[in-house]
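Chemist: Quick one: the structure is below, and I'll ask about it shortly.
The values are calculated or read from the model by the stated rules, or taken from the named source; none is laboratory data. Here the structure is a predicted model, which means the values were calculated and not measured. Quick reminder, even Gly has a Cβ in these numbers, built from the backbone with ideal geometry, and neighbours come from all protein chains shown.
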Amino acid sequence: MNIIVGVSDMRVSNDPNSVLITYSLGSCIGISIYDPMVKVGGLLHFMLPDSRLDEGKARRNPLMFADTGIPALFKAAYELGAAKQRMRVIVVGGAQILDQKGFFNIGKRNNMAVRKLFWKNKVMIDYEAVGGNVNRTIKLQISDGGTWLKTSGQQFEKI
Amino acid sequence: MIDITSIIKGIDKLKPIPQVTQKVMAIANDPMSSATDLADIIQYDPALTANILRVCNSAFFGLAKRIDSIHQAVAYLGMDQVVGMAMLNLGSENLKQAQQGYDLREGELWKYSVLSAFMARELADNKKQKGKHLIFTGALLKDIGKTVLSEYVGNYFDDIEKAIADRNITFRDAEKLIIGIDHAAVGAMVAEKWNFSGKMVDIIRNHHLGAGWPEDDIDLATVYVADTLCMIMGIGVGSDGLAYRFHPAVVKKLHLNDIDLQMLMASFCEKFHELEKLLTCVQGISV
């Protein structure tokens, strides 16, 4: 069963029948985590790098931001028995519009926010497809951790 | 290069703009017309009236009071909003289908168009701009050309993709190079066929701000910024991805800074749920 993860949303599951999918990551970033031992996986689709933008919005929807969404994703997976050291971590998205070098480069800042948080918490990235000007869709199969990535105009490819 | 006349024939296959919508547009463009004139036109079209009332009373608007007549809707929400609702009807007829050439599933182009239109209007509201119906409709229908060009983009996608990579050009420029015409130009032809105002035709033609765009056009700048934010958010982004140019000067022209843009994205993200409900209201209609 496909479970769609919307913008500023996440899903964590240990149901082997579930496939988590998030569509059309522009400058947003999708983070997929999977612990093969307990077969627990999660998918986050966050939009902006820093929750200090608006405390109220961050409280109402912590999954909108990297710094509040990523901890929430890992915590939810831990609650189902996952362990950080066993997790396969995949990061995709963070695209940018052409010529968006300095001003308002949200894709790049989203990616920097992920790296900063992962470095601080000693999380290793196993696979990443970040940047460029393509949009991406990612899906994670909970039964075995199989993960597929689709970029603009192409078919799904297993990663 | 493809025979452009076959593409132009595709424009003729689009559903014609209903007479009532043409009249609504004429009233919206006439500074001497009144809210009553608008309501008087719409009230004789029961299907359009019913749909507008359904949208008015949807959760998206969250009105405390129930709206039961078109005159009440115009009085309560204002002409701009009601004109926008009439345009939603027109857009839903033409934008809902999947556009496989652009790798857009059913409803994706429509959802993106509506979100972009409401975002453009909010920007216009914030800046107290006039002519909000023009901005709303321009943002809503700016990608109508994709519905005509989709098949050609699908057939020549590999060439388009290669041109973007090799030449560092935008998707729109690559369409023009490979197919001979781009979706914005096709959209402008549709707008002309529908007898839209010259200003509306220009907004649709220039919404990606290609060479020679009128730099002082604040309405166009507003539509462009809303479109760009939707792209960044990944809303309705298909095979063209984010392969369009960013113009910081336009953002600054509207006196927007980095925080303003992020706040706008965050606010609209919170409205997704209500927007879904609004789309449900407008679906399945006939005009």
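Chemist: May I ask you to verify whether B:L220 is without any contact (Cβ under 8 Å) to a residue 12 or more places away in the chain, buried (at least 22 other Cβ atoms within 10 Å of the Cβ), under 30 Å from B:K130 (Cα atoms) and not basic (K, R)?
Modeler: Criteria not met by B:L220.
Chemist: Output the residues belonging to region A:96-123 that are among the hydrophobic types (A, V, I, L, M, F, W, C) and modelled with pLDDT under 95.
Modeler: A:I97, A:L98, A:F103, A:F104, A:I106, listed by residue number.
Chemist: Restricting the search to region B:55-75, which residues are surrounded by 15 or more Cβ atoms within 10 Å (Cβ to Cβ) and within 12 Å of B:A39 (Cβ to Cβ)?
Modeler: Once the filter is applied, which keeps residues that are surrounded by 15 or more Cβ atoms within 10 Å (Cβ to Cβ) and within 12 Å of B:A39 (Cβ to Cβ), region B:55-75 yields B:I67, B:I70, B:H71, B:Q72, B:A73, B:V74, B:A75.
Chemist: Let me ask you something else. Which helices (runs of 4 or more DSSP H) does region B:233-287 wholly contain that include 2 or more residues that are buried (at least 19 other Cβ atoms within 10 Å of the Cβ) and either at pLDDT below 85 or away from every other protein chain (no Cβ under 13 Å) (or both)?
Modeler: B:272-282
Chemist: Please specify each residue of region B:21-38 satisfying the condition of being hydrophobic (A, V, I, L, M, F, W, C) and either loosely packed, with under 13 Cβ neighbours inside 10 Å or closer than 21 Å to B:L278 by Cβ (or both).
Modeler: Those that are hydrophobic (A, V, I, L, M, F, W, C) and either loosely packed, with under 13 Cβ neighbours inside 10 Å or closer than 21 Å to B:L278 by Cβ (or both): B:V24, B:A28, B:M32, B:L38.
Chemist: Looking at region B:163-192, I want the residues that are at positive phi and have a partner that is surrounded by 19 or more Cβ atoms within 10 Å (Cβ to Cβ) and of a type in the set (K, R) with Cβ atoms under 9 Å, at least 6 apart or on another chain. Which pairs are those?
Modeler: Note: no pairs meet the criteria.
Chemist: A:R52 is checked against (1) farther than 24 Å from A:I159 by Cβ; (2) buried (at least 18 other Cβ atoms within 10 Å of the Cβ); (3) not aromatic (F, W, Y) and fails just one. What number does that condition carry?
Modeler: In the conditions (1) farther than 24 Å from A:I159 by Cβ; (2) buried (at least 18 other Cβ atoms within 10 Å of the Cβ); (3) not aromatic (F, W, Y), A:R52 misses (2) alone.
Chemist: Just the residues that are within 14 Å of chain B (Cβ to nearest Cβ) and within 13 Å of A:G30 (Cα to Cα), please, taken from region A:126-148.
Modeler: The answer is A:A129, A:V130, A:G131, A:N135, A:R136, A:T137, A:I138.
Chemist: Does A:V123 satisfy the criteria of being β-branched (V, I, T), more than 14 Å from chain B (Cβ to nearest Cβ) and touching a Lys or Arg at 6+ places or on another chain (Cβ under 9 Å)?
Modeler: Against the criterion (β-branched (V, I, T), more than 14 Å from chain B (Cβ to nearest Cβ) and touching a Lys or Arg at 6+ places or on another chain (Cβ under 9 Å)), A:V123 qualifies.
Chemist: Please find, within region B:181-212, the residue that is nearest to the other protein chains (Cβ to nearest Cβ) out of those that are in a loop (DSSP other than H, G, I, E, B) and over 29 Å from A:L25 (Cβ atoms).
Modeler: B:A211
Chemist: Mind listing just one residue for me: the one in region A:18-48 that is surrounded by fewer than 24 Cβ atoms within 10 Å (Cβ to Cβ) and more than 9 Å from chain B (Cβ to nearest Cβ) and, of those, nearest to the chain's Cα centre (by Cα)?
Modeler: Applying the filter and picking the extreme gives A:I21.
Chemist: If you go through region A:73-92 one residue at a time, do you hit one that is within 11 Å of another protein chain (Cβ to nearest Cβ), crowded, with 17+ Cβ neighbours inside 10 Å and within 30 Å of B:H208 (Cα to Cα)?
Modeler: No.
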